[in-house]
Amino acid sequence: DQQVKQNSPSLSVQEGRISILNCDYTNSMFDYFLWYKKYPAEGPTFLISISSIKDKNEDGRFTVFLNKSAKHLSLHIVPSQPGDSAVYSCAAIKGGSEKLVFGKGTKLTVNP
Amino acid sequence: NAGVTQTPKFRVLKTGQSMTLLCAQDMNHEYMYWYRQDPGMGLRLIHYSVGEGTTAKGEVPDGYNVSRLKKQNFLLGLESAAPSQTSVYFCASSYIAGPYSNQPQHFGDGTRLSIL
């Protein structure tokens, strides 16, 4: 049973445009969400996170939005750059737990 | 500035062979984790450790053993490798667990393991 779902395996956008990556979750006990970015042959790197008490967190070109009622979060990248081309994974964790639960990832391609 | 280092990067085994994957971190992190990633799937937690001398099972622990004899090292062992264990293995570490924005997990670059 997938608790964290990323239903789009891939996304392609033009350089300079907005990239929107989506993530849904089923477990209402999750109270913290993270986005990781992964380049080929490298490990995932932390990108941005959001607590369940917030609905938005911004860091430069990256913004994460959380809609708790819909159990949905999204990552916005504005403007998108070719160097942003990577696999983006959504992850969630319950308070008091050591275990991150990851989605399958979405491969983003930013075309010059 | 090594962070999390995994050894080896690639390995091919025959069914039934054993091996140990090594993870080393130089950030003085308390928590360490082993994940596997298979095509079309998200990272799945195999085992983790909340401190030196401790280990605990994750989501998919069967067929694996782990040890954390030193704080900086976390070993993943396959006693009798099976083709189903062909995967990319990632190690991660964090200072503490739980939902703290400045304490995310840091990952190594992975070990690609093929079992024939």
Exercise for the section: Multiply the residue gap between B:D26 and B:E79 by 0.36 nm, knock off their C-alpha separation, and tell me the result in nm, one decimal place. Expected result: 16.4 nm
Practice task
List, in order, the whole-Hz ³J(HN,Hα) value for each residue of segment B:29-42 obtained from phi through the Karplus relation with A = 6.51, B = -1.76, C = 1.60 and θ = phi - 60°; use x for Gly and Pro.
Solution key: 6, 7, 9, 9, 9, 10, 10, 10, 10, 10, x, x, 10, x
Practice task
Distance between Cα centroids, segment A:1-51 to segment A:69-112: provide it in whole Å.
Solution key: 1
Problem - Modelled FRET efficiency - R0 45 Å, B:T7 with A:R17, Cβ distances, 0.05 increments - result: 0.65
Exercise for the section: Please calculate how many Å² of accessible area segment B:46-116 carries per residue, with a 1.4 Å probe and no DNA, RNA or ligand atoms counted. Expected result: 46
Handout entry: Viscosity 1.567 mPa s, temperature 4 °C, Stokes-Einstein D of segment B:15-80 from Kirkwood C-alpha radius, µm²/s
Key = 105
Exercise for the section: Over all directions, average the projected area of the Cα convex hull of segment B:4-115 and note it in nm². Expected result: 6.5
Problem - Percent accessible area from carbon and sulfur atoms, chain A, protein chains only, probe 1.4 Å - result: 48
Problem - Whole-Hz couplings from phi, Karplus 6.51/-1.76/1.60, listed for segment B:52-59; x for Gly and Pro - result: 3, x, 10, 8, 8, 7, x, 6
Exercise for the section: Jot down the radius of gyration and Dmax of the protein assembly as shown, Cα atoms only, both in angstrom. Expected result: 17.5, 51
Fill in the blank from the handout: With Rg from the Cα atoms and Rh as the Kirkwood inverse mean 1/r over Cα pairs, segment A:4-97 has an Rg/Rh of 0.96
Exercise for the section: Restricting to segment B:4-115, compute how many DSSP beta bridges are antiparallel as a %, nearest 5. Expected result: 90
Completion exercise
Whole-Hz Karplus couplings 3J(HN,Hα) for segment A:102-110, θ = phi - 60° and coefficients 6.51, -1.76, 1.60, Gly and Pro as x, run 9, x, 6, x, 10, 8, 9, 10, 9
Handout entry: Mean-position separation - Cα centroids, segment B:75-96 and segment B:22-56, in angstrom
Key = 8
Handout entry: Computed FRET value (nearest 0.05) for A:K56 with B:E59, which takes r as the C-beta separation and R₀ as 22 Å
Key = 0.15
Completion exercise
Per the 1/(1 + (r/R0)^6) rule, R0 = 41 Å and r from the Cβ atoms of A:A70 and B:V50, FRET efficiency to 0.05 is 0.80
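The values are calculated or read from the model by the stated rules, or taken from the named source; none is laboratory data. Only a predicted model underlies this, so the values are computations on that prediction, with no experimental measurement involved. A quick note on method: Cβ atoms are made from the backbone with ideal geometry, for glycine too, and the neighbour counts reach across all protein chains shown. We work out accessible area using only protein heavy atoms, side chains counted, and drop any ligands, DNA or RNA first. Shrake-Rupley method; radii C 1.70, N 1.55, O 1.52, S 1.80 Å.
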